[in-house]
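Structure first, commentary second.
The values are calculated or read from the model by the stated rules, or taken from the named source; none is laboratory data. Predicted model, so just to flag it, every value in this text is computed and none were measured. Here Cβ is always computed from backbone atoms with ideal geometry, including for glycine, and neighbour counts include all displayed protein chains.
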Amino acid sequence: MSASMKLGGRLRSIAATWPVDPFRPNLQLKNFLTSLADHPNLTPEAVRAAHTLQDSQLQKKYPLSDHILKPASMPHHYTRLVEGFEKSAKGIGRPWWKIFFGVW
């Protein structure tokens, strides 16, 4: 078995466990990684990068401080942003009056 086939197999296993993006159903990173696994010039660095993204190693290596996540001008901004994405993925929207009056 050649090295590129082993790398392709590793990349396919990473792609198989990649979560589905509910906001872009026609554009999935899983499909891209699967097709990249068949590329003849696949490098170990590409496989390592995909593995690093999947395991959130950069987020663990460079954690964000509370000073960044909760700026003094708008301390709940990122919390509300994540909450909005999660509700949107479930199909729950904000009522029109909350949008109109700027209420969260």
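Which of the residues that make up region 65-83 are closer than 17 Å to Gly102 by Cβ and either of a type outside the set (Lys, Arg) or not assigned by TED's automatic domain parsing to the domain that holds Trp104 (or both)?
First, pick out the residues of region 65-83 that are closer than 17 Å to Gly102 by Cβ: 73-77, 79-81, 83.
Ser73, Met74, Pro75, His76, His77, Thr79, Leu81, Glu83, listed by residue number.
Of these, Leu7, Leu42, Leu27, which one is within 30 Å of Glu86 (Cβ to Cβ) and out of contact with any Asp or Glu (no Cβ under 6 Å at 6 or more places or on another chain)? Steps first, please.
Values: Leu7 fails: within 30 Å of Glu86 (Cβ to Cβ); Leu42 fails: within 30 Å of Glu86 (Cβ to Cβ).
That would be Leu27, the only listed residue that is within 30 Å of Glu86 (Cβ to Cβ) and out of contact with any Asp or Glu (no Cβ under 6 Å at 6 or more places or on another chain).
What single numbered condition from (1) touching a helix residue (DSSP H, G or I) at 6+ places or on another chain (Cβ under 8 Å); (2) within 30 Å of Trp104 (Cβ to Cβ); (3) surrounded by fewer than 13 Cβ atoms within 10 Å (Cβ to Cβ); (4) not polar (S, T, N, Q) fails to hold for Asp38?
(2)
For Gln57, which of the numbered conditions (1) free of Cβ contacts under 8 Å to residues at least 12 places away in the same chain; (2) of a type outside the set (A, V, I, L, M); (3) surrounded by fewer than 13 Cβ atoms within 10 Å (Cβ to Cβ); (4) closer than 28 Å to Lys90 by Cβ fails to hold?
Exception for Gln57: condition (4).
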